[in-house]
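The values are calculated or read from the model by the stated rules, or taken from the named source; none is laboratory data. Fair warning: this is a prediction, and the values are worked out from it, not measured in the lab. We place every Cβ from the backbone using ideal geometry, glycine too, and count neighbours over all the protein chains shown. Please note that ligands, DNA and RNA were not included when accessible areas were found on the heavy atoms of the full protein model with its side chains. Shrake-Rupley method; radii C 1.70, N 1.55, O 1.52, S 1.80 Å.
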Amino acid sequence: MLIRVTPERLDPEEAIAAVRRDESGAVDLFLGVVRNTNKGRAVDHLVYDAYPSMAEKTMGELAEEAMERFDLTDSAVFHRTGRLEIGETSLLVAVSAGHRAATFEAGHWLVNEVKRRVPVWKKEVWADGEEWIEGPESLGMERAPATMRGS
Amino acid sequence: MAITVLFFASLADAVGARELSLAHVAGDTVASVRDRLVAAHPQISEFTETLLYAVDEEYAEEDAPVPAGATLALIPPVSGG
């Protein structure tokens, strides 16, 4: 298992090499990348804040749970912090298993859980302002009164 | 021993700090520390509806104890990925 929160560029080749085992028949790689628009507004770049030690701990617990649930051969979860330009990778999830079905399911589950639980925050920066985003899928928003929950 | 309190993202901007130290009071819980923080920094009250808490890097309920020397993180809705 390879878990990392870092301001450095995320390397998919490194993650693939880290999770592939001789027993693996499939490797699934997910990259979350910075998009140039959100809710109809042009995004210039993103800035990610994190609680790095807890983020790594939480990502490790989630990866461990995925290993058990989906009978994976290995997994890697990386999250980048700091300023990211359009097209750069913010989140990387790589999983391997004996067969492809488990890797698709595990990758999907892990990305969803990372977005719910891992203490990382993104700020959108536009040409004329900026705003910290509250994740609609986050645990905190799940607990909020219905009137506060957005999309 | 004191308690270390951590703020992130929008909440760090609102408080104007990422970290501060608070005196520990016997019997402290997440809620009792949060209430002292809100009294000192009223702007935190705008966040409490959706705030989660972590004691020593584990999510914790409001009635969870906060021992002397612990780190309490105030966690606005996360938006990683």
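Pairwise over distinct Cα atoms, reciprocal of the mean inverse distance: report the Kirkwood radius of region A:1-53 in Å, one decimal place.
14.2
What are the principal axis extents of the Cα atoms in chain B, in Å, biggest first?
The Cα atoms of chain B stretch 35, 26, 19 Å along their principal axes.
Given a Förster distance of 22 angstrom, what is the FRET efficiency for A:ASN112 paired with A:MET1, based on the Cβ-Cβ distance and rounded to 0.05?
0.75
Taking 7 Å along the Cα-to-C-beta vector as the label spot, tell me the A:MET148-B:VAL25 distance in nanometres, rounded to one decimal.
2.3
Scale the Cα Rg of region A:68-151 by the rule-of-thumb value 2.2 N^0.38 Å and send over the ratio, two decimals.
In units of the globular-protein estimate, region A:68-151 measures up at 1.33.
I need two numbers for region A:111-151: Rg to one decimal and Dmax as a whole number, Cα atoms only, in Å.
Rg and Dmax of region A:111-151, Cα atoms, are 11.7, 33 Å.
Would you mind computing, in nm to one decimal, how far apart the modelled labels at A:LYS39 and A:ALA101 are, each placed 7 Å from Cα along Cα→Cβ?
So the two model labels end up 4.0 nm from each other.
Quick check for the protein assembly as shown: number of Lys pairs with alpha-carbon distance under 17 Å, counting only pairs 8 or more apart or on different chains?
So the count of such lysine pairs works out to 4.
Any chance you could give the angle, 0 to 90 degrees and rounded to 10, that helix B:30-40 forms with the longest Cα principal axis of chain B?
Relative to chain B, helix B:30-40 is tipped by roughly 70 degrees.
Counting pairs of Cα atoms in the protein assembly as shown, how many percent are more than 26 Å apart?
Summing the P(r) tail past 26 Å for the protein assembly as shown gives 42 percent.
Take every DSSP beta bridge with both residues inside chain B and express the antiparallel ones as a percent of the total, to the nearest 5.
Around 80 percent antiparallel, to the nearest 5.
Comparing B:THR71, B:THR48, B:THR29, which has the greatest mean-square fluctuation in the GNM of chain B with Cα pairs linked when under 10 Å apart?
It is B:THR48.
What spacing in nm lies between the two simple spin-label points modelled at B:GLU61 and B:ALA17, each 7 Å away from Cα in the Cβ direction?
That separation, rounded to one decimal, is 3.0 nm.
Taking a label point 7 Å from the Cα of A:TRP126 along the Cα→Cβ vector, which residues of region A:23-61 have an amide N closer than 19 Å to it?
What the label zone holds, given the 19 Å backbone N cut-off, is A:34-48.
Roll a 1.4 Å probe over the protein chains and send me the accessible area per residue for region A:83-133 in Å².
With the other protein chains kept in place, region A:83-133 gives 43 Å² per residue.
Counting other Cβ atoms within 10 Å of each Cβ, which GluC sites (Glu not before Pro) in region A:17-61 have at most 10 and sit in a DSSP loop?
Answer by residue number: A:GLU23.
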